[in-house]
1. When both residues are 6+ apart or on different chains and their Cβ atoms are under 9 Å apart, which pairs have a first residue that lies in the range 159-179 and is at positive phi and surrounded by fewer than 23 Cβ atoms within 10 Å (Cβ to Cβ), and a second that is assigned to a strand (DSSP E or B) and at pLDDT 95 or above?
2. Before we move on, is residue 121 touching a residue at least 12 places away in the same chain (Cβ under 8 Å), loosely packed, with under 15 Cβ neighbours inside 10 Å and within 16 Å of residue 147 (Cβ to Cβ)?
3. Limited to the range 124-133, what total is found for residues that are free of Cβ contacts under 8 Å to residues at least 40 places away in the same chain and either buried (at least 20 other Cβ atoms within 10 Å of the Cβ) or outside any strand (DSSP E or B) (or both)?
4. Counting only residues that are in a helix (DSSP H, G or I) and in contact with a strand residue (DSSP E or B) (Cβ under 8 Å, 6 or more places away or on another chain), which one in the range 318-336 is farthest from residue 80 (Cα to Cα)?
5. Please tell me if residue 300 is buried (at least 16 other Cβ atoms within 10 Å of the Cβ), modelled with pLDDT of 95 or more and touching a helix residue (DSSP H, G or I) at 6+ places or on another chain (Cβ under 6 Å).
6. Quick one: what pairs do we get from the range 57-73, first residue at positive phi and at pLDDT 95 or above, second surrounded by 14 or more Cβ atoms within 10 Å (Cβ to Cβ) and in a strand (DSSP E or B), C-beta under 8 Å, 6+ apart or different chains?
7. What do you reckon, is residue 338 under 27 Å from residue 197 (Cα atoms), buried (at least 18 other Cβ atoms within 10 Å of the Cβ) and touching a helix residue (DSSP H, G or I) at 6+ places or on another chain (Cβ under 8 Å)?
8. What is the residue count in the range 42-67 for residues that are surrounded by fewer than 13 Cβ atoms within 10 Å (Cβ to Cβ) and under 17 Å from residue 82 (Cα atoms)?
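The values are calculated or read from the model by the stated rules, or taken from the named source; none is laboratory data. Worth saying up front: this structure is predicted, and the values here are computed from it rather than measured. Cβ placement follows ideal geometry from the backbone for every residue including glycine, while neighbour counts extend to all protein chains displayed.
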C-alpha cells in the first residue's frame, strides 16, 4: 500500500502590483481569525432581487445539504420560471464555503438566479464560492449570479461552466458588495457549436476592491463566446479585470470577443483592464477591447448647455454607460430586473 502524500501548506499570494492575484492585497487577511460556519437561506440585507420560487415540474430537483446546493434538470425538460437561490452569511468572524452545482441534461432549458448576502451591513466574514455549471448537449442555461455582501467582508470564488455540443450558456455576474477578494470565472466550450455569453457589472465606492479573472476556453470547432464587463467606480475604490481567450488546437472557426470598460467617477478611483489571447488554431476570429476613463467632460458640457444641472447630467452619462449592458438582453423580466438592480446600486454609490 502506498504511503499517503504529505500535506503541503501554501502561503497566501503576495501583492506585487502586477496582473493576476498580485493586484489584490491580502496582507490584512487573517484566515485563522475566521471559524467555519454554514450559510443561512434568509435574513440577508441589501437583497439584490426578489423572485418567487416556482413550483418545480417533474424532472427538476433542487437539493440543499448544508453549504452544497445542487440543481438538476432532466433531459428535454423546459423550466418556464427561474429558480431562485439565496445564501446568507449570518455571523461575523465566520468562513462560509458555498458550493453550487447546476446540471442541465441534453435538450433541457432553465434559468437560475443566485445571490450571496450578509446578515448585517457591518458583518466581517469570508464568503468562499464554488460554482459548477454543466450545460448538456443542445441545452440552454441562463445563470444570474450576484454578491451584495457587507463591505467589511471578503469574497473569493472559483466558478466554472462547461458547455456541450450545440448548447448555450448565458451567464450574468454582478459584483457590488465586499471589502475585497478575487473571483475566477472560467467558461469552457467543450462541444462543437457551443455558445457562451458572459455579462458582468460592478459598482464600487469607498475603499472597495473588486477583482474578476475570466477565461473563455474554446475546446471544439465552430464555437462562439461574447464577454462584456462594465464597472463604475466612486471614491477611492479599485477594480481589476483580467480576461483571457484560449483557443485550443483544432478549435477552428472559433469566434470570440471580450471587452472591459470602466468609468471612474472620482480622481482617486482606479481600474485595470487586462485582456489576453492564447491562440493555437489558425482559422479563428478573436478580438478584445478595454478602456478606463473619467466621465467625458464634453458629454457633461453638452447636457449642461441644454439646461440640465451638473448632478443630473453626470447621472445621465453614467446610466447611459451601464445601459449598454442592459441592452444585451431582450425586453422582458431579465432586462427589467437587471436594470432595477443596477439603478439601486447606483443610487447607493452616488448618494455617499
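1. Correct list of pairs: 166/195.
2. yes
3. Of the range 124-133, the ones free of Cβ contacts under 8 Å to residues at least 40 places away in the same chain are 124, 128, 130-133.
Now narrow it down to the ones that are either buried (at least 20 other Cβ atoms within 10 Å of the Cβ) or outside any strand (DSSP E or B) (or both): 124, 131, 133.
So the answer is 3.
4. Result: 318.
5. It is false that residue 300 is buried (at least 16 other Cβ atoms within 10 Å of the Cβ), modelled with pLDDT of 95 or more and touching a helix residue (DSSP H, G or I) at 6+ places or on another chain (Cβ under 6 Å).
6. Pairs that qualify, where the first residue is at positive phi and at pLDDT 95 or above and the partner is surrounded by 14 or more Cβ atoms within 10 Å (Cβ to Cβ) and in a strand (DSSP E or B), are 59/73.
7. Yes: the conditions hold for residue 338.
8. Result for the range 42-67: 7.
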